[in-house]
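Q: One structure, pasted below without further comment.
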Amino acid sequence: MKRTAENKAPVDADVRKSVKPVICYPIETLPLQDTSQYAAARATMKLTGEMIVPPRDAGAFRVTAESFFRIVSVDGPQVGDLNLWAQDDLTERFYSGKTRALHGTHLSTGDRMWSSFPHMRPMATITHGTLDWYGFDADGSGVHDVIGTRCDPYTNRLLNGSNYHRCCHSNLTRALAAETGLSLQQAEAHVHDVLNIFMCTGFTHDTHQYFMKASPVRPGDFIEFFAEIDLLGALSTCPGGDCGAEHSSDTANCYPLKIEFYHPDPKALAGWSPPEPSAYSLSQRG
Ligand SMILES: [Zn+2]
(Lines give C-alpha, C1' and ligand atoms only; values in the text may rest on other atoms or scores of the structure.)
Protein backbone atom coordinates (compact mmCIF):
# COMPACT_ATOMS: atom_id res chain seq x y z
CA MET A 1 0.00 0.00 0.00
CA LYS A 2 1.45 3.37 -1.00
CA ARG A 3 1.40 5.77 1.91
CA THR A 4 2.24 9.48 1.83
CA ALA A 5 5.47 9.96 -0.12
CA GLU A 6 8.52 11.10 1.81
CA ASN A 7 10.38 12.06 -1.34
CA LYS A 8 9.72 14.90 -3.74
CA ALA A 9 8.88 13.87 -7.28
CA PRO A 10 11.71 14.50 -9.77
CA VAL A 11 11.21 17.13 -12.48
CA ASP A 12 10.61 14.45 -15.10
CA ALA A 13 8.12 12.49 -12.95
CA ASP A 14 5.28 12.91 -15.46
CA VAL A 15 7.44 11.60 -18.28
CA ARG A 16 8.54 8.60 -16.25
CA LYS A 17 4.96 7.82 -15.28
CA SER A 18 3.49 8.18 -18.75
CA VAL A 19 5.40 5.38 -20.47
CA LYS A 20 3.13 2.74 -21.96
CA PRO A 21 2.42 -0.44 -20.00
CA VAL A 22 3.54 -3.69 -21.57
CA ILE A 23 1.77 -7.00 -20.92
CA CYS A 24 4.23 -9.10 -18.92
CA TYR A 25 3.14 -12.43 -20.35
CA PRO A 26 1.33 -12.12 -23.69
CA ILE A 27 -0.63 -15.35 -24.04
CA GLU A 28 -0.82 -15.36 -27.83
CA THR A 29 2.11 -17.78 -27.83
CA LEU A 30 0.50 -20.26 -25.41
CA PRO A 31 0.03 -23.62 -27.10
CA LEU A 32 -3.34 -23.52 -28.81
CA GLN A 33 -6.14 -25.46 -27.26
CA ASP A 34 -8.74 -27.01 -29.48
CA THR A 35 -11.83 -25.40 -28.01
CA SER A 36 -14.06 -27.20 -30.48
CA GLN A 37 -12.98 -30.50 -28.95
CA TYR A 38 -14.03 -29.34 -25.49
CA ALA A 39 -17.38 -28.26 -26.95
CA ALA A 40 -17.84 -31.62 -28.68
CA ALA A 41 -16.99 -33.46 -25.47
CA ARG A 42 -19.34 -31.29 -23.40
CA ALA A 43 -22.16 -32.11 -25.78
CA THR A 44 -21.83 -35.80 -24.94
CA MET A 45 -21.08 -35.67 -21.23
CA LYS A 46 -23.24 -37.42 -18.67
CA LEU A 47 -23.54 -36.84 -14.94
CA THR A 48 -21.77 -39.71 -13.18
CA GLY A 49 -21.66 -38.56 -9.57
CA GLU A 50 -21.98 -35.72 -7.16
CA MET A 51 -20.99 -34.73 -3.66
CA ILE A 52 -22.06 -32.04 -1.23
CA VAL A 53 -19.59 -29.98 0.76
CA PRO A 54 -21.35 -28.81 3.94
CA PRO A 55 -21.07 -25.17 5.08
CA ARG A 56 -17.81 -24.11 6.82
CA ASP A 57 -16.22 -27.41 5.84
CA ALA A 58 -14.27 -28.91 2.94
CA GLY A 59 -14.37 -32.04 0.84
CA ALA A 60 -11.72 -33.80 -1.20
CA PHE A 61 -12.47 -35.41 -4.55
CA ARG A 62 -10.71 -37.22 -7.38
CA VAL A 63 -11.33 -36.74 -11.07
CA THR A 64 -9.71 -38.56 -13.94
CA ALA A 65 -8.20 -36.80 -16.93
CA GLU A 66 -10.64 -36.28 -19.80
CA SER A 67 -13.60 -35.78 -17.49
CA PHE A 68 -15.46 -32.68 -16.38
CA PHE A 69 -16.49 -31.39 -12.96
CA ARG A 70 -18.73 -28.55 -11.91
CA ILE A 71 -18.91 -26.57 -8.70
CA VAL A 72 -22.54 -25.63 -8.23
CA SER A 73 -24.28 -23.14 -5.96
CA VAL A 74 -27.20 -24.85 -4.26
CA ASP A 75 -29.07 -23.35 -1.30
CA GLY A 76 -27.71 -19.81 -1.26
CA PRO A 77 -24.80 -17.55 -2.24
CA GLN A 78 -21.58 -19.21 -1.13
CA VAL A 79 -17.92 -18.78 -1.98
CA GLY A 80 -15.64 -21.81 -2.42
CA ASP A 81 -11.86 -22.11 -2.17
CA LEU A 82 -10.38 -24.66 -4.56
CA ASN A 83 -7.04 -26.50 -4.35
CA LEU A 84 -5.83 -28.93 -7.02
CA TRP A 85 -3.01 -31.45 -7.00
CA ALA A 86 -1.79 -34.05 -9.47
CA GLN A 87 -3.29 -37.27 -8.16
CA ASP A 88 0.02 -39.16 -8.17
CA ASP A 89 2.25 -36.33 -6.94
CA LEU A 90 1.13 -33.76 -4.38
CA THR A 91 4.16 -31.59 -5.14
CA GLU A 92 2.56 -30.74 -8.48
CA ARG A 93 -0.12 -28.32 -7.42
CA PHE A 94 -2.10 -25.35 -8.65
CA TYR A 95 0.09 -22.27 -9.10
CA SER A 96 -2.24 -19.37 -8.42
CA GLY A 97 0.39 -16.64 -8.88
CA LYS A 98 1.55 -17.82 -12.31
CA THR A 99 -2.02 -18.42 -13.42
CA ARG A 100 -2.74 -14.79 -12.44
CA ALA A 101 0.33 -13.59 -14.36
CA LEU A 102 -0.89 -15.41 -17.48
CA HIS A 103 -4.67 -14.96 -17.37
CA GLY A 104 -5.23 -11.93 -15.14
CA THR A 105 -6.72 -11.43 -11.70
CA HIS A 106 -10.00 -13.27 -12.35
CA LEU A 107 -10.55 -16.43 -14.38
CA SER A 108 -13.27 -17.19 -16.90
CA THR A 109 -14.13 -19.62 -19.67
CA GLY A 110 -11.08 -20.68 -21.67
CA ASP A 111 -8.61 -19.89 -18.89
CA ARG A 112 -6.53 -22.65 -17.43
CA MET A 113 -5.28 -23.55 -13.98
CA TRP A 114 -1.50 -24.02 -14.28
CA SER A 115 0.64 -26.26 -12.10
CA SER A 116 3.75 -25.47 -10.11
CA PHE A 117 7.37 -25.70 -11.27
CA PRO A 118 8.95 -27.75 -12.68
CA HIS A 119 5.78 -29.18 -14.21
CA MET A 120 3.98 -26.03 -15.33
CA ARG A 121 1.22 -27.49 -17.39
CA PRO A 122 -2.53 -26.93 -17.46
CA MET A 123 -4.19 -29.00 -14.73
CA ALA A 124 -7.72 -27.93 -15.64
CA THR A 125 -9.41 -25.72 -18.21
CA ILE A 126 -12.54 -23.71 -17.44
CA THR A 127 -15.10 -24.81 -20.02
CA HIS A 128 -18.16 -22.91 -18.79
CA GLY A 129 -19.19 -20.43 -16.13
CA THR A 130 -22.67 -19.05 -15.67
CA LEU A 131 -21.32 -15.85 -14.09
CA ASP A 132 -19.31 -14.87 -17.17
CA TRP A 133 -21.80 -12.02 -17.74
CA TYR A 134 -20.43 -10.24 -14.65
CA GLY A 135 -17.16 -9.16 -16.22
CA PHE A 136 -15.79 -6.27 -14.18
CA ASP A 137 -18.10 -3.89 -12.31
CA ALA A 138 -17.78 -0.18 -11.47
CA ASP A 139 -15.59 -0.99 -8.46
CA GLY A 140 -13.23 -2.94 -10.73
CA SER A 141 -14.22 -6.23 -9.14
CA GLY A 142 -14.90 -9.55 -10.81
CA VAL A 143 -15.59 -13.16 -9.81
CA HIS A 144 -13.35 -16.25 -9.53
CA ASP A 145 -10.16 -14.51 -8.44
CA VAL A 146 -6.61 -15.72 -8.15
CA ILE A 147 -5.50 -12.75 -6.04
CA GLY A 148 -6.68 -13.74 -2.58
CA THR A 149 -4.85 -16.60 -0.97
CA ARG A 150 -7.44 -18.29 1.31
CA CYS A 151 -8.71 -17.25 4.72
CA ASP A 152 -6.43 -18.74 7.35
CA PRO A 153 -6.12 -18.87 11.12
CA TYR A 154 -2.65 -17.33 11.15
CA THR A 155 -3.63 -14.03 9.55
CA ASN A 156 -6.77 -13.99 11.68
CA ARG A 157 -4.67 -14.45 14.80
CA LEU A 158 -2.30 -11.71 13.65
CA LEU A 159 -5.02 -9.16 12.92
CA ASN A 160 -7.68 -10.07 15.47
CA GLY A 161 -5.80 -11.90 18.22
CA SER A 162 -8.32 -14.75 18.22
CA ASN A 163 -8.34 -18.38 17.14
CA TYR A 164 -10.80 -19.59 14.52
CA HIS A 165 -10.72 -23.17 13.29
CA ARG A 166 -13.03 -23.14 10.25
CA CYS A 167 -10.93 -20.98 7.93
CA CYS A 168 -10.58 -22.31 4.39
CA HIS A 169 -6.92 -23.11 5.04
CA SER A 170 -7.84 -25.35 7.96
CA ASN A 171 -10.82 -26.89 6.16
CA LEU A 172 -8.61 -27.76 3.15
CA THR A 173 -5.93 -29.21 5.43
CA ARG A 174 -8.42 -31.46 7.22
CA ALA A 175 -9.98 -32.60 3.93
CA LEU A 176 -6.61 -33.45 2.38
CA ALA A 177 -5.50 -35.30 5.50
CA ALA A 178 -8.72 -37.33 5.60
CA GLU A 179 -8.44 -38.21 1.89
CA THR A 180 -4.77 -39.18 1.86
CA GLY A 181 -4.08 -40.48 5.38
CA LEU A 182 -1.42 -37.81 5.89
CA SER A 183 -1.19 -36.18 9.31
CA LEU A 184 -2.59 -32.66 9.64
CA GLN A 185 0.97 -31.32 9.79
CA GLN A 186 1.96 -33.18 6.61
CA ALA A 187 -1.21 -32.22 4.79
CA GLU A 188 -0.92 -28.54 5.73
CA ALA A 189 2.35 -28.27 3.83
CA HIS A 190 0.51 -29.17 0.61
CA VAL A 191 -2.32 -26.64 0.97
CA HIS A 192 -1.74 -23.72 -1.36
CA ASP A 193 -3.18 -20.48 -2.73
CA VAL A 194 -6.61 -21.10 -4.18
CA LEU A 195 -8.96 -20.27 -6.98
CA ASN A 196 -11.67 -18.30 -5.19
CA ILE A 197 -14.79 -19.77 -6.75
CA PHE A 198 -17.71 -17.29 -7.02
CA MET A 199 -15.90 -14.75 -4.81
CA CYS A 200 -16.27 -11.13 -5.97
CA THR A 201 -13.08 -9.19 -5.37
CA GLY A 202 -10.87 -6.41 -6.57
CA PHE A 203 -8.44 -3.73 -5.51
CA THR A 204 -9.57 -0.35 -4.22
CA HIS A 205 -8.87 2.50 -6.63
CA ASP A 206 -7.09 4.68 -4.05
CA THR A 207 -4.94 2.34 -1.94
CA HIS A 208 -5.07 -0.74 -4.19
CA GLN A 209 -6.06 -2.87 -1.20
CA TYR A 210 -7.69 -6.22 -1.74
CA PHE A 211 -11.44 -6.00 -1.15
CA MET A 212 -14.43 -8.31 -1.36
CA LYS A 213 -18.12 -7.69 -1.89
CA ALA A 214 -21.18 -9.93 -1.74
CA SER A 215 -20.92 -12.58 -4.43
CA PRO A 216 -23.48 -12.33 -7.24
CA VAL A 217 -23.77 -16.15 -7.31
CA ARG A 218 -27.23 -17.62 -6.93
CA PRO A 219 -28.46 -21.21 -6.63
CA GLY A 220 -28.08 -22.95 -9.97
CA ASP A 221 -24.97 -21.04 -10.98
CA PHE A 222 -21.90 -23.14 -11.65
CA ILE A 223 -18.35 -23.11 -12.95
CA GLU A 224 -17.20 -26.09 -15.01
CA PHE A 225 -13.73 -27.54 -15.51
CA PHE A 226 -12.17 -30.07 -17.85
CA ALA A 227 -9.57 -32.16 -16.03
CA GLU A 228 -6.42 -32.12 -18.17
CA ILE A 229 -4.64 -34.61 -15.89
CA ASP A 230 -5.74 -36.96 -13.09
CA LEU A 231 -6.60 -34.61 -10.25
CA LEU A 232 -7.04 -34.64 -6.51
CA GLY A 233 -9.06 -31.61 -5.49
CA ALA A 234 -10.28 -30.05 -2.27
CA LEU A 235 -13.04 -27.48 -1.99
CA SER A 236 -13.73 -25.40 1.11
CA THR A 237 -17.04 -23.66 1.72
CA CYS A 238 -15.68 -20.38 3.06
CA PRO A 239 -16.94 -19.32 6.52
CA GLY A 240 -17.47 -15.91 4.92
CA GLY A 241 -20.50 -17.27 3.04
CA ASP A 242 -21.03 -14.83 0.15
CA CYS A 243 -18.06 -12.85 1.56
CA GLY A 244 -20.16 -9.69 1.68
CA ALA A 245 -19.21 -8.73 5.23
CA GLU A 246 -16.55 -10.78 7.01
CA HIS A 247 -14.83 -14.14 7.07
CA SER A 248 -12.92 -16.14 9.68
CA SER A 249 -15.96 -16.17 11.99
CA ASP A 250 -19.32 -17.87 12.47
CA THR A 251 -21.22 -14.64 11.69
CA ALA A 252 -22.05 -15.01 8.00
CA ASN A 253 -24.85 -17.13 6.55
CA CYS A 254 -23.15 -20.13 4.93
CA TYR A 255 -24.44 -22.68 2.46
CA PRO A 256 -23.23 -25.96 0.99
CA LEU A 257 -21.65 -26.28 -2.44
CA LYS A 258 -22.22 -29.23 -4.75
CA ILE A 259 -19.57 -30.83 -6.93
CA GLU A 260 -20.88 -32.68 -9.99
CA PHE A 261 -18.81 -35.11 -12.03
CA TYR A 262 -19.39 -35.68 -15.74
CA HIS A 263 -17.87 -38.09 -18.23
CA PRO A 264 -17.97 -37.45 -21.98
CA ASP A 265 -18.16 -40.06 -24.70
CA PRO A 266 -14.47 -41.03 -25.23
CA LYS A 267 -15.06 -40.86 -29.00
CA ALA A 268 -15.52 -37.10 -28.67
CA LEU A 269 -11.96 -36.83 -27.38
CA ALA A 270 -10.32 -39.06 -30.00
CA GLY A 271 -6.74 -37.94 -30.56
CA TRP A 272 -6.64 -35.89 -27.37
CA SER A 273 -3.67 -36.41 -25.08
CA PRO A 274 -2.87 -34.99 -21.66
CA PRO A 275 -0.47 -32.03 -21.54
CA GLU A 276 3.15 -32.98 -20.91
CA PRO A 277 5.13 -31.37 -18.08
CA SER A 278 7.39 -28.51 -19.18
CA ALA A 279 10.22 -29.61 -21.43
CA TYR A 280 12.62 -27.32 -19.58
CA SER A 281 14.87 -28.93 -16.99
CA LEU A 282 17.36 -27.30 -14.64
CA SER A 283 19.77 -30.07 -15.62
CA GLN A 284 20.03 -28.43 -19.04
CA ARG A 285 22.14 -25.66 -17.53
CA GLY A 286 25.66 -26.11 -18.87
ZN1 LIG B 1 -12.34 -18.69 3.21
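The values are calculated or read from the model by the stated rules, or taken from the named source; none is laboratory data. Predicted model, so just to flag it, every value in this text is computed and none were measured. Because the Cβ atoms are built from the backbone with ideal geometry, glycine has one as well, and the counts that use them run over all protein chains shown. Heavy atoms of the whole protein, side chains included, go into the accessibility calculation; ligands, DNA and RNA do not. Shrake-Rupley method; radii C 1.70, N 1.55, O 1.52, S 1.80 Å.
Q: Per 0.36 nm of contour for each residue apart, how much would the distance between S281 and T180 grow if the chain were fully extended, relative to their Cα-Cα spacing?
A: Numbers: separation 101, 0.36 × 101 = 36.36 nm, distance 2.91 nm.
My answer for the length gained is 33.5 nm.
Q: If the reach is capped at under 23 angstrom between alpha carbons, list the lysines near K213, excluding any in the same chain fewer than eight residues apart.
A: Candidates past the 8-residue exclusion: K2, K258.
Q: Taking the dipole about the Cα centre of the range 141-286, with the C-beta of Lys and Arg at +1 and of Asp and Glu at -1, give me whichever of G240, N196, Y280 is farthest to the positive side.
A: Checking the options against the dipole of the range 141-286, the answer is G240.
Q: Another one. Within 11 Å, Cβ to Cβ, of S115, how many net charges do the neighbouring residues add up to if Lys/Arg are +1 and Asp/Glu are -1? The partial results should precede the final answer.
A: Working: positive: R93, K98, R112, R121; negative: D89, E92, E228.
Computed value for this residue: +1.
Q: Out of residues 5 or more away from A65 or on other chains, whose amide H comes under 5 Å of its own, with H placed 1.01 Å from N in the peptide plane?
A: HN-HN under 5 Å from A65: D230, L231.
Q: Still on this structure: Residue by residue through the range 245-255, which ³J(HN,Hα) values in whole Hz follow from phi under the Karplus form 6.51 cos²θ - 1.76 cosθ + 1.60 (θ = phi - 60°), with glycine and proline marked x?
A: 3J(HN,Hα) across the range 245-255, in whole Hz: 9, 8, 10, 6, 7, 9, 6, 6, 6, 10, 10.
Q: Return the lysines within reach of K267: Cα separation strictly under 17 angstrom, same-chain partners fewer than 8 residues apart disregarded; answer none if there are no such residues.
A: K46
Q: Something else: Taking chymotrypsin sites (Phe, Trp or Tyr not before Pro) as exposed when DSSP calls them loop (any state but H, G, I, E, B) and at most 16 other Cβ atoms lie within 10 Å, what is the longest stretch of the chain free of them, the sites themselves excluded? Could the numbers behind the result be given before it?
A: Working: sites that count: W133, F136, W272, Y280.
The answer is 137-271.
Q: Follow-up question, since we're still on this one. Defining a contact as two alpha carbons under 8 Å apart and six or more residues distant in sequence, what relative contact order in percent does the range 139-187 show?
A: That works out to 26 percent.
Q: Next question. Under 1.5 on a/c is rounded, so check that first for the range 19-144, then, if it is not, pick prolate when a/b is larger than b/c and oblate when it is not; a ≥ b ≥ c are the square roots of the alpha carbon gyration tensor eigenvalues. Mind showing how you got there, number by number?
A: Numbers: a/c = 1.43, a/b = 1.23, b/c = 1.16.
Rounded.
Q: Contact order normalised by length for the range 187-286, with contacts defined as Cα pairs under 8 Å and 6 or more residues apart; what percent is it?
A: Values: 76 pairs, mean separation 18.0, N = 100.
Dividing the mean separation by the residue count of the range 187-286 yields 18 percent.
Q: If you don't mind, there's one more thing I want to ask. Could you tally the net charge around F222, taking each other residue with its Cβ under 10 Å from the Cβ of F222, Lys/Arg +1 and Asp/Glu -1?
A: On the way: positive: R70, K258; negative: D221, E224, E260.
Within the 10 Å Cβ shell, the charges total -1.
Q: Using only the Cα atoms of the range 174-286, build the gyration tensor, take square roots of its eigenvalues as a ≥ b ≥ c, and label the shape rounded, prolate or oblate: rounded if a/c is under 1.5, else prolate if a/b is larger than b/c, else oblate. Mind showing how you got there, number by number?
A: Numbers: a/c = 1.62, a/b = 1.42, b/c = 1.14.
The shape class here is prolate.
Q: Can I ask one more? Using a 1.4 Å probe on the protein heavy atoms, what percent of the accessible area of the range 1-95 belongs to carbon and sulfur?
A: Numbers: 3520 of 6360 Å².
The computed percentage sits at 55.
Q: So, one more: Give the Debye-formula value of log10 I(q)/I(0) at each listed q (0.11, 0.13, 0.16, 0.18 Å⁻¹), with one equal scatterer per alpha carbon of the range 78-181, two decimals each.
A: For the range 78-181 at q = 0.11, 0.13, 0.16, 0.18 Å⁻¹, log10 I(q)/I(0) is -0.42, -0.59, -0.87, -1.04.
Q: Rounded to whole Å, give me the distance from the Cα center of the range 1-35 to that of the range 127-177.
A: Centre-to-centre distance over Cα atoms comes out at 26 Å.
Q: Moving to a separate point now. Tell me, what is the percent relative contact order of the range 83-175, built from C-alpha pairs under 8 Å that lie six or more residues apart?
A: Numbers: 118 pairs, mean separation 20.2, N = 93.
Computed over the range 83-175, the figure is 22 percent.
Q: To the nearest µm²/s, what D does Stokes-Einstein give for the chain at 37 °C and 0.692 mPa s, using the Kirkwood radius over alpha carbon pairs as Rh? Can you show the working numbers first?
A: Working: Rh = 20.1 Å.
So the translational diffusion coefficient is about 163 µm²/s.
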